[in-house]
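The values are calculated or read from the model by the stated rules, or taken from the named source; none is laboratory data. Everything numeric in this text was worked out from a predicted model, so none of it was measured. Every residue, glycine as well, gets a Cβ built from its backbone with ideal geometry; the counts of neighbours run over all protein chains shown. Heavy atoms of the whole protein, side chains included, go into the accessibility calculation; ligands, DNA and RNA do not. Shrake-Rupley method; radii C 1.70, N 1.55, O 1.52, S 1.80 Å.
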Amino acid sequence: MKLQTKPRLGVLALMLEGYEPLFPGITARQHAYVEEVIASLDGVADFVFPRVALNQADIESLVVQYNAQDLDGILILLLSYSQGQYLVRAVQRNALPLALALVQPDETVGDDFEELELTVNQGIHGSQDNANCLMRAGVPCAYFAGSRKNGELAAFVGDFATVAHTLRAMRRMRIGVIGRLAGMGDVVTDDMAVYRKLGPEFRYDSIGTVRRLCAEVSDTHIAQRIEYERTLFDIDPRMPPERHAESVRMYLGIKAYLEQGGYAGYTMHFEEFGADGRFVHLPFLAASNLMAEGYGYAAEGDATCAMLMAVMIRLCGRANFSEMYMMDLAREAILMCHAGEGNWAMARKDRKPFLMDRVFGEGGLDNPPTPIFAQEPGPAAVMSLAHVGGERFRLVYAPGEVLDKGDLRRCDMPYLFFQPGSGVRACVTAWLEQGGTHHEVIVQGDPIARVRLWCRLAGIEFVRV
């Protein structure tokens, strides 16, 4: 699954045209400065910068151009003072995410500075004017103030570029939905609110579509995949070959369903498989393989969580699906696992996942082959997206650490111990207070700056617990 191409940003470099008569050559000087800034960001994104915007007509013309070129976002730089009101009309007709980065050609005041040096470094009050006008116009924008030389700017622009690219992808994103567990309230959302506010479309389908595609999978493709999985997993010697083959058939069939529908993620309620009557066991292996390949996933019809995972894969590279099973107050941690699915691409590196011939009676079906592993220890974040009501969505975000514990002898599910940075009691209490859902997405590291930026530009409330 191809997730991302390099983001493309338009640069809107603002300057007051009245400075050129006072300081002949200042426009060319500042244009060269912008080129220097762009060169320092090589590898972060591709940039479009035709000229400096000297007045309201220039600003509006460039914003129209960048929208017509279908770029991912616009990066605003202040090269001197520039009136904030001149930006408002342009961005009211703009559909691209905005970021304003306050940087300067010089990062310290020289004792011999004259008016020219002070003028080319005075972007700060132009930034304040423009930011104030954007705020009062209700236009979301990401902001940065700092050094352009020590990696700070590159980190910010890298985050913004990835977020902008993701927001664009969300407008084309589809999530496949087959069934939902009756009575599970926190997965219930307003599909049209998601569509209007965030962009992704939830598409409902029949389990019959999946069954047909599973039946069309060739034995040759199944055999090839089994050979590959022997390199991925330690396979349970008790597992009948035909059972492994049937699980691979389901994986390839569901993958075909996702590819044909253009889906970035999916959710399937497992009771659908038992009720259909034609499936042998549940698709735990399929779900785990597809997560490892970069598809968003959630169980039990939770399309919102599947969407969140698809977004986090684009923002953070990898993501896992799970839920909080129990508090471990002695370890100040939470045991997290689900029925039998997990992203084995995030498993601990010191051992292979074990593909188990697992006894599992739910749904009245046969033993489902299940990947058993513990997630790689280290910094991580757990989050959920809650629909608060209307077009309000809230991301509940808990940074912490996956503990170095992978020796549960009888836990026949992918699992991890998550230790919240705020402490287990405080974290879980705040999770309940903020309406965090019981299905969660897990990412490695602590990408709080990038995730918070995504929330700001997407209009989502961000709550750290």
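With all protein chains in place and ligands, DNA and RNA left out, the 1.4 Å accessible area ranks Lys149, Lys405, Lys197, Lys349 as Lys349, Lys149, Lys197, Lys405, largest first. Note on Asp111 and Cys411: the model spin-label points, each 7 Å out from Cα along the C-beta direction, lie 6.3 nm apart.
Counting only residues at least eight positions apart within a chain, or on another chain, the aspartates and glutamates with an alpha carbon under 15 Å from that of Lys255 are Asp205, Glu216, Glu246, Glu293. If I fit a long axis through the Cα atoms of helix 241-261 and take the longest principal axis of the Cα atoms of the chain, what angle between them do I get, 0 to 90°, rounded to 10? The two axes meet at around 30 degrees. Using all pairs of distinct alpha-carbon atoms, the Kirkwood hydrodynamic radius of region 299-346 works out to 12.2 angstrom. In terms of overall dimensions, the C-alpha atoms belonging to the chain reach 84, 48, 42 Å along their principal axes, ordered largest to smallest. Label 7 Å along Cα→Cβ of Tyr228; region 353-395 residues with amide nitrogen under 20 Å? Inside the label zone: 353-356, 369-372. Here the sum of -39500 (n - 2.57) over DSSP H runs of 4 or more residues, divided by the residues of the chain, equals -12000 deg cm²/dmol at 222 nm, to the nearest 500. What percent of all Cα-Cα pairs in region 11-104 falls into each 10 Å bin, going from 0 up to the bin containing the maximum distance? Each 10 Å bin holds this share of Cα pairs: 16, 51, 30, 3.
A cut-off of 5 Å between modelled amide H atoms, ignoring neighbours fewer than 5 places along the same chain, links Phe270 with Glu300. What translational diffusion coefficient, to the nearest whole µm²/s, does region 71-211 have by Stokes-Einstein, given a Kirkwood radius computed over alpha-carbon pairs, a temperature of 20 °C and 1.002 mPa s viscosity? Estimated via Stokes-Einstein, D reaches 116 µm²/s. Bridging of Lys6 to aspartates and glutamates at a Cα separation below 12 Å is possible for Asp42, Asp46, Asp72, once same-chain residues fewer than 8 apart are set aside.
In this structure, the amide hydrogen of Val402, modeled 1.01 Å from its nitrogen in the peptide plane, lies closer than 5 angstrom to those of Gly378, Ala380, Gln419, counting only residues at least 5 positions away or on a different chain. Stretching the chain fully between Thr429 and Glu152 yields a gain of 96.3 nm (0.36 nm per residue, less the alpha carbon separation). Between 0 and 90 degrees, the angle of helix 26-40 with respect to the longest Cα principal axis of the chain falls at about 20 degrees. What the chain shows is 41 Å² of accessible area per residue, with the surface traced by a 1.4 Å probe over protein heavy atoms.
Taking only protein heavy atoms and a 1.4 Å probe, the accessible area of the chain is 50% carbon and sulfur. R0 = 60 Å: FRET efficiency of Glu242 with Ala68, Cβ-based, nearest 0.05? That gives a FRET efficiency of 0.60.
Put His244, His31, His125 in order of accessible area, highest first, and with a 1.4 Å probe you get His125, His31, His244. The simple spin-label model puts a point 7 Å past each Cα toward its Cβ; for Arg203 and Gln128 those points are separated by 5.1 nm. The GluC sites (Glu not before Pro) of region 73-149 that meet both conditions, a loop assignment by DSSP and at most 14 other Cβ atoms within 10 Å of the site Cβ, are Glu107, Glu114. When you filter the GluC sites (Glu not before Pro) in region 179-280 for DSSP loop state and at most 15 other Cβ atoms inside 10 Å of their Cβ, you are left with Glu216. From largest to smallest, the equivalent ellipsoid semi-axes obtained for region 325-465 from the alpha-carbon gyration tensor read 28, 18, 15 Å.
Taking all Cα pairs closer than 8 Å and separated by 6 or more residues, the relative contact order of the chain comes to 13 percent. The phi-based Karplus calculation (6.51 cos²θ - 1.76 cosθ + 1.60; θ = phi - 60°) puts the 3J(HN,Hα) values of region 145-157 at 9, x, 8, 9, 10, 10, x, 4, 5, 4, 5, 5, 5 Hz, whole numbers, x for Gly and Pro.
Relative to the dominant Cα principal axis of the chain, helix 123-136 is inclined by about 60°.
The candidates Asp276, Asp72, arranged from most to least accessible area with a 1.4 Å probe in the full protein assembly, appear as Asp276, Asp72.
Each 5 Å bin from zero holds the following percent of Cα-Cα pairs in region 234-362: 2, 10, 17, 23, 21, 15, 9, 3, 1, 0. Taking every C-alpha pair closer than 8 Å and separated by at least 6 residues, the mean separation divided by the residue count of region 224-346 gives a relative contact order of 21 percent.
Cross-link reach is defined here as a Cα-Cα straight distance under 19 Å, omitting same-chain residues fewer than 8 places apart; for Lys349 the lysines meeting it are Lys405.
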